[in-house]
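Report on the following structure.
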Amino acid sequence: MTSHSDKLPRVLVVEDEPSIRDSIVYALESEGFAVDHTASGGEALSHLQATQYALVVLDVGLPDMNGFDLCRDLRLRSQVPVIFLTARASEVDRVVGLELGADDYVTKPFSPRELSARVRANIRRAQLNAQPAPLPNAVAPRARSGLPFEVDYERWQICYYSSPLTLSRYEFRLLVALIEKPGRVYSRAQLMDLAWEEPDASMERTVDTHIKSVRAKLKSVCADVDPIVTHRGIGYSMREHW
């Protein structure tokens, strides 16, 4: 017999500080989520092997392992949405988390209600992306624009100088938007509209962090050129002339 809780989106909270963990669990359960919780990375891995979750709230500083390492391990076998929870607010930490495939980043202290809203938004995005429809006119941009990119829309794969890039879904969408219209300058808000299903749920600075991550991945293939142009005070474009 299926219980009511079995029908609710199930979230795993990995946080070793009891007061914070209890606050998160209470807030999420009040918003209609089923919640499992643990205080260590090892226990989290056991939960993740045994249960299918809609999302993971993951503290970076755990007693037995680094949250980044846990996320790296998780991404080898799952694309479950991950929200990092940390007391460290530096840009480096945010970039590392996003490069590992995290979907969002919340810095302590935080509002439990805001975290609940982010959890709901990220679960909804993941559900919308579960079976992505192929984009129209799925032809490699190289054939149209002369850029050193090839896009496989059905596989959500981009190759740069014939080397496949490992991209999150938001990085893929951002890069495709720039590739499709070389020279076209997009504001951060416009890029959020193109790459995020619910742009109002994210901050425009998130675009900067994702662009920085994409640039690093492009540079690892070809360090001689930066194909993404920054227009200060405006936004970004793809380099038009090569």
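All of the numbers you see were taken from the coordinates with simple rules; none came from a lab. Predicted model, so just to flag it, every value in this text is computed and none were measured. With ideal geometry, Cβ positions are generated from the backbone for all residues, glycine too; neighbour counts draw on all protein chains shown.
A few remarks follow.
- Built amide H within the under 5 Å cut-off of residue 157, gap 5+: 152
- Candidate lysines for bridging to residue 219, where Cα separation is under 30 Å - those fewer than 8 sequence places away on the same chain excluded: 181
- Peptides 103-112, 167-176 ranked from most to least packed give 167-176, 103-112, packing being the mean of other C-beta atoms within 10 angstrom over each peptide's residues.
- Unit Cα scatterers, Debye sum, region 1-69: log10 I(q)/I(0) for q = 0.20, 0.25, 0.27, 0.28 Å⁻¹: -0.79, -1.12, -1.24, -1.29
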